[in-house]
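Participant: Got a structure for you, questions after.
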Amino acid sequence: MNNVIRRLILQEFEIYCEKPATELRYSSDFELLISVILSAQVTDKQVNIVTKKLFKIASTPMQILNLGYFKLKLLIKSLGLYNKKTLYIINLCKILQNKYKGKIPRTQKTLLSLPGVGKKTANIILNTIFYKNYIAVDRHVFRVCNRTGFVTGCSTDVIEKKLMHHVPIKYILRIHNWFVLHGRYICKARKPKCHVCIINKWCKYFKNIKC
Ligand code: SF4
């Protein structure tokens, strides 16, 4: 795919939804960070159900530490990988509290040094909270990119690199949420809804199934 087509696709998303946003519910930087960590391998809807209760009780690193390991585990135990996530969050809160005065650090390198924070989580935080030019590649973004041919690659790192190279700066803060929402509701893993897809005329996958 060339950059002219890429731009047409991004313009189409912009017309359809100018300001895409995450479906995770949060009311502070810290709450978003916790929600993203909790969202690994579960849906945003499931996370929102859990955090609605959790954030009422504890919504700062100190409050989570006061809650303690066992109560936190109990509160998030309906989510997959809850044992690991509980440990990550407790250790994360200790570091945030002791080293960063309860604040979220602003660089990718520092974020990546925190427990439970991988590249995807770090980039979401940098992009959403600090408006920095990073693109998070999750399974939806990965699938939409490869299927459409927007950019192709066999790993999320390759896709991220290519997106950073080809996506015009004015779209960098928005492309993650556009592709996530598109992958979640239209370009689904099992049955993509190609006939109602707003970008089907440029899509490699759609061209092939029409043949
Ligand atoms: S045409 Fe189909 S495969 Fe292509 S982006 Fe749309 S839903 Fe996905």
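The values are calculated or read from the model by the stated rules, or taken from the named source; none is laboratory data. In this text, all values refer to a predicted model and were calculated from it rather than measured experimentally. With ideal geometry, Cβ positions are generated from the backbone for all residues, glycine too; neighbour counts draw on all protein chains shown. The area values use the complete protein model at the heavy-atom level, side chains included, leaving out ligands, DNA and RNA. Shrake-Rupley method; radii C 1.70, N 1.55, O 1.52, S 1.80 Å.
Participant: Is it true that Leu114 is outside any helix (DSSP H, G or I), at pLDDT 95 or above and touching a Pro at 6+ places or on another chain (Cβ under 8 Å)?
Facilitator: On the way: outside any helix (DSSP H, G or I): yes; at pLDDT 95 or above: yes; touching a Pro at 6+ places or on another chain (Cβ under 8 Å): yes.
Judged against the criteria, Leu114 is a match.
Participant: Within segment 41-56, can you find the residues that are open to solvent by less than 40 Å² (accessible area, probe 1.4 Å) and outside any helix (DSSP H, G or I)? Explain how you work it out, then say what you get.
Facilitator: The initial filter retains those residues of segment 41-56 that are open to solvent by less than 40 Å² (accessible area, probe 1.4 Å), namely 42, 44, 47-48, 50-51, 54-55.
Once the filter is applied, which keeps residues that are open to solvent by less than 40 Å² (accessible area, probe 1.4 Å) and outside any helix (DSSP H, G or I), segment 41-56 yields only Val42.
Participant: Only one of these is modelled with pLDDT under 95, over 19 Å from the mean Cα position of the chain (by Cα) and more than 24 Å from Ile175 (Cβ to Cβ): Gly68, Gly80, Gly102. Name it.
Facilitator: Of the residues listed, the single one that is modelled with pLDDT under 95, over 19 Å from the mean Cα position of the chain (by Cα) and more than 24 Å from Ile175 (Cβ to Cβ) is Gly102.
Participant: Kindly state which helices (runs of 4 or more DSSP H) lie completely within segment 126-211 and contain at least 2 residues that are open to solvent by 20 Å² or more (accessible area, probe 1.4 Å), more than 9 Å from the ligand (Cβ to nearest atom) and at pLDDT 95 or above. Reasoning before the result, please.
Facilitator: Numbers: elements: 139-148, 156-166, 172-185, 204-210.
Helices (runs of 4 or more DSSP H) meeting the threshold: 139-148, 156-166, 172-185.
Participant: Then there is this: Quick one: in segment 103-123, which of the residues that are among the small types (Gly, Ala, Ser) and open to solvent by less than 30 Å² (accessible area, probe 1.4 Å) is farthest from Asp138 (Cα to Cα)?
Facilitator: To start, the set of residues in segment 103-123 that are among the small types (Gly, Ala, Ser) comprises 113, 116, 118, 122.
Narrowing further to those that are open to solvent by less than 30 Å² (accessible area, probe 1.4 Å): 116, 122.
Values: Gly116: 15, Ala122: 12 Å.
So the residue we want is Gly116.
Participant: Among (1) assigned by TED's automatic domain parsing to the domain that holds Phe179; (2) open to solvent by less than 20 Å² (accessible area, probe 1.4 Å), which single condition is Leu38 missing?
Facilitator: (1)
Participant: Against the condition in a loop (DSSP other than H, G, I, E, B) and more than 26 Å from Asn146 (Cβ to Cβ), how does Leu92 come out, does it pass?
Facilitator: On the way: in a loop (DSSP other than H, G, I, E, B): no; more than 26 Å from Asn146 (Cβ to Cβ): yes.
When the stated conditions are applied, Leu92 does not pass them.
Participant: Residue check: is Glu14 assigned to a helix (DSSP H, G or I) and of a type in the set (D, E, K, R)?
Facilitator: On the way: assigned to a helix (DSSP H, G or I): yes; of a type in the set (D, E, K, R): yes.
The answer is yes for Glu14.
Participant: Next up: Counting only residues that are surrounded by 16 or more Cβ atoms within 10 Å (Cβ to Cβ), among the hydrophobic types (A, V, I, L, M, F, W, C) and within 29 Å of Pro115 (Cβ to Cβ), how many does segment 11-35 have?
Facilitator: 5
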